[in-house]
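Written below as structure tokens is the structure these notes are about.
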Amino acid sequence: MQHENKPLILIVDDTPTNIQVLAETLRTDYRVKVATSGKAALAIANHPDSRPDLILLDVMMPEMDGYEVCRRLKQESATQGIPVIFVTAKGDVTDEEHGLRLGAMDYIVKPFHLAIVRARVQNHINLKMKTDQLESLALIDGLTGIPNRRRFDEALGHEWKRALRNGTPLVLIMADIDHFKAYNDNYGHGAGDQCLKAVAKALANSLERPSDILARYGGEEFAAVLPDTDAEGARLLAERLRANVAALTLPHRFSSVVDHVTISVGYTSLEPTHDQSPLALLQLADKMLYQAKEQGRNRVCG
């Protein structure tokens, strides 16, 4: 397994020797980060670039104990799915019950056997990987393999809040395959599915930044969210989307536009304000898409 693909374990303990023992036994199979306080652990767990796949958490620490760390992790949507294993000298049954009721996956009492720790960590990491895979599949459109409407809605909500916080513009692009009903009716639904796959791939390949999200919005409609992008950047990408689909030259003899598959595109860019919601962005982009269709299709409006 390549280093960057290894799961990340966060070890939280205020005693350096405990950290060293655990880290040395886990480093062969996992990436390891360490924290010596509850505050530092929460900072690592809440950062998107350092979010661990599992946390080994001591209970008895100054300022903020492990129970409080676990409680805060389980309160936040971004961290509530991280498995927590308490590793502690507090071996009373009531302590273990308290830790498990807070949402911990497991409870290991010191002094521990390293082989048992490794086995339990491996079991919980395997479970976490399977859970992540299932959640990821739930956000992917089964036909085209690109993000689905649910993933789009999540991304739009997240990027709206971030743009509001940072005072940056947010772009929404809506695209629709021209005369797709006629395509389906005349070429058949199997050919229609292949058309959707090809168009989705062309659209997805048009994006250049990892932060940009393109999704199948529904039927033959696609949508993209572009953070920190102005109107000119939106126009350029919208035109690239249109041109890249046209360049596929998928035959469509039943289109009144041209003899191949095309899309109409609407886009809008705005800087979110507190008296608006993401719905405002959706409505504006949808209005622009309608204009593109009204003006003859196979064009961009914004």
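From the list Arg118, Arg150, the lone residue that is surrounded by 13 or more Cβ atoms within 10 Å (Cβ to Cβ), among the charged types (D, E, K, R) and touching a residue at least 40 places away in the same chain (Cβ under 8 Å) is Arg118. What do you reckon, is Glu96 in contact with a strand residue (DSSP E or B) (Cβ under 7 Å, 6 or more places away or on another chain) and farther than 18 Å from Thr25 by Cα? For Glu96, the condition - in contact with a strand residue (DSSP E or B) (Cβ under 7 Å, 6 or more places away or on another chain) and farther than 18 Å from Thr25 by Cα - is met. Among the residues of the range 191-229, those identified as exposed (fewer than 15 other Cβ atoms within 10 Å of the Cβ) and closer than 17 Å to Gly266 by Cα are Gly218, Gly219.
How many residues does the range 1-51 contain that are of a type outside the set (A, V, I, L, M, F, W, C) and part of a strand (DSSP E or B)? Even if it seems obvious, please write down each step before you answer.
Our first condition is that a residue be of a type outside the set (A, V, I, L, M, F, W, C); within the range 1-51, this holds for 2-7, 13-18, 20, 24-25, 27-31, 33, 36-39, 46-51.
Of the ones still in play, those that are also part of a strand (DSSP E or B) are 31, 33.
The qualifying residues number 2.
With a cut-off of at least 3 residues that are in the same structural domain as Gly167 (by TED's automatic domain parsing) and of a type in the set (Ser, Thr, Tyr), name the strands (runs of 3 or more DSSP E) lying wholly within the range 209-281.
Details: elements: 213-218, 221-227, 263-270.
Strands (runs of 3 or more DSSP E) meeting the threshold: 263-270.
Just so you know, in the range 88-100 the residues that are assigned to a helix (DSSP H, G or I) and either outside the structural domain of Val21 (by TED's automatic domain parsing) or touching a residue at least 24 places away in the same chain (Cβ under 8 Å) (or both) include one that is surrounded by the most Cβ atoms within 10 Å (Cβ to Cβ), and it is Gly99.
For the condition over 25 Å from the mean Cα position of the chain (by Cα), on the phi > 0 side of the Ramachandran plot and either among the aromatic types (Phe, Trp, Tyr) or surrounded by fewer than 17 Cβ atoms within 10 Å (Cβ to Cβ) (or both), what is the one hit in Gly167, Gly188?
It is Gly188.
Restricting to the range 274-302, give me the number of residues that are under 17 Å from Leu226 (Cα atoms) and among the hydroxyl-bearing types (Ser, Thr, Tyr). Working first, answer last.
Our first condition is that a residue be under 17 Å from Leu226 (Cα atoms); within the range 274-302, this holds for 277-286, 288-289, 300-302.
Within this subset, residues satisfying the condition of being among the hydroxyl-bearing types (Ser, Thr, Tyr) are 277.
Summing the residues that are under 17 Å from Leu226 (Cα atoms) and among the hydroxyl-bearing types (Ser, Thr, Tyr) in the range 274-302 gives 1.
Being touching a His at 6+ places or on another chain (Cβ under 7 Å) and in the same structural domain as Gln133 (by TED's automatic domain parsing) is the requirement here; does Pro83 meet it? Criteria met by Pro83. When Ala104, Ala155, Ala89 are screened for being modelled with pLDDT under 90 and of a type in the set (A, V, I, L, M), only Ala89 passes. Using the structure shown, decide if Gly103 is assigned to a loop (DSSP other than H, G, I, E, B), over 30 Å from Leu26 (Cβ atoms) and either without any contact (Cβ under 8 Å) to a residue 40 or more places away in the chain or of a type in the set (A, V, I, L, M, F, W, C) (or both). The answer is no for Gly103. Only residues that are surrounded by 15 or more Cβ atoms within 10 Å (Cβ to Cβ) and either outside any helix (DSSP H, G or I) or of a type in the set (A, V, I, L, M) (or both) were counted in the range 52-79, giving 14. Selection over the range 158-199 of residues that are over 25 Å from Gly296 (Cβ atoms) and charged (D, E, K, R) gives a count of 6.
Could you please find all residues in the range 183-208 being in a helix (DSSP H, G or I) and among the acidic types (Asp, Glu)?
Filtering the range 183-208 down to residues in a helix (DSSP H, G or I) leaves 183-187, 189-206.
Across the range 183-208, the qualifying residues are Asp185, Asp193.
Are any residues in the range 151-182 part of a helix (DSSP H, G or I), touching a Leu at 6+ places or on another chain (Cβ under 9 Å) and closer than 22 Å to Leu241 by Cα, and if so, which ones? Passing the criteria: Arg151, Phe152, Leu156, Glu159, Phe180.
The values are calculated or read from the model by the stated rules, or taken from the named source; none is laboratory data. These numbers were taken from a predicted model, which means no experiment stands behind them. Positions of Cβ are generated from backbone atoms using ideal geometry, with glycine treated the same way; all protein chains shown enter the neighbour counts.
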